[in-house]
Amino acid sequence: MILPIHQNPADLALNILTTRIHLPLTVLKQHTLQIGLWILRFHIIGESHLVTIEYDGVLVLCELLACVEVDASSCLHHHRFHDLAAHCFQKSGYSIAVEFSDSCGDAPVETDGVLEVAFPKIADQTPITRIVWTRVGENAVRWHTLHVYPDENKIACVHSLSYFDMLNYNRAL
């Protein structure tokens, strides 16, 4: 059973890491996508979402958008959303854009897979977290996430769009 937790989108942080995350995270749903020696794992966690990418059993990248504290010095990129302003991060072969709105919209029509968790109602609204992914050609994957935060009869929707290109990802920092 999932217990309701009052989270605020202003508590979100985007953490991009090249090492494993050593935090206690509650994985509610997950899916593994294998493309040759590449493995992408999509996780809906109690705190939002986590995507891990491995190549031949070695971790390459972790994308964590969540209301958790991560040591910024351990991150390739760290950004807090205190002001709820849109934010983008890009590196060779990988990008993510995060934006906030009061409109949640529908899931993209063209998808290869969907994970979704509906949480207990808060203020007569149902919070959800959704990850939708699509292969883009043979070597790239795009995923969209939606995080719905209801509070006081309002809804805040957090959208992210990520892109990972297996051929052009540059592991060098």
Problem - Cysteines without a disulfide-compatible partner [the chain; Cβ-Cβ under 4.7 Å] - result: C62, C67, C75, C88
Problem - Set of region 48-68 residues, backbone N closer than 11 Å to the point 7 Å along the Cα-Cβ line of R20 - result: 59
Problem - Nonlocal amide H pairs with K29, under 5 Å, H built at 1.01 Å - result: I44
Fill in the blank from the handout: For the chain, one quarter of the surface area of the C-alpha convex hull, expressed in nm², comes to 9.9
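Please give the contour-minus-distance gain from S95 to A118: 0.36 nm per residue of separation, less the Cα-Cα distance, rounded to one decimal in nm. Walk me through the intermediate numbers first.
Values: separation 23, 0.36 × 23 = 8.28 nm, distance 2.68 nm.
Here the segment from S95 to A118 would lengthen by 5.6 nm.
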Problem - Residues whose placed amide H lies under 5 Å from that of V68, excluding near-sequence neighbours - result: A13
Problem - Per residue Cα convex hull volume in Å³ - calculated over region 40-103 - result: 123
Exercise for the section: Compute the Rg/Rh shape ratio of region 1-86: radius of gyration over Kirkwood radius, all on alpha-carbon atoms. Expected result: 0.99
Handout entry: FRET efficiency estimate (nearest 0.05) - Cβ-Cβ, R80 to N139, R0 41 angstrom
Key = 0.80
Exercise for the section: Rounding to the nearest 20 debye, state how big the charge dipole of region 10-165 is about its Cα centre with +1 on each Lys and Arg Cβ and -1 on each Asp and Glu Cβ. Expected result: 260
Fill in the blank from the handout: A correct fewest-to-most ranking of Y94, Y149 by other Cβ atoms within 10 Å would be Y94, Y149
Problem - Within straight-line cross-link reach of K154, aspartates and glutamates at Cα separation under 13 Å, skipping those fewer than 8 residues along the same chain - result: D102, D124
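Since every read-out is calculated from the coordinates, none of them should be taken as a lab result. Treat the numbers as computed from the prediction; the structure is a model and nothing was measured. Here the Cβ is made from the backbone with ideal geometry for all residues, glycine too, and neighbour counts use every protein chain on show.
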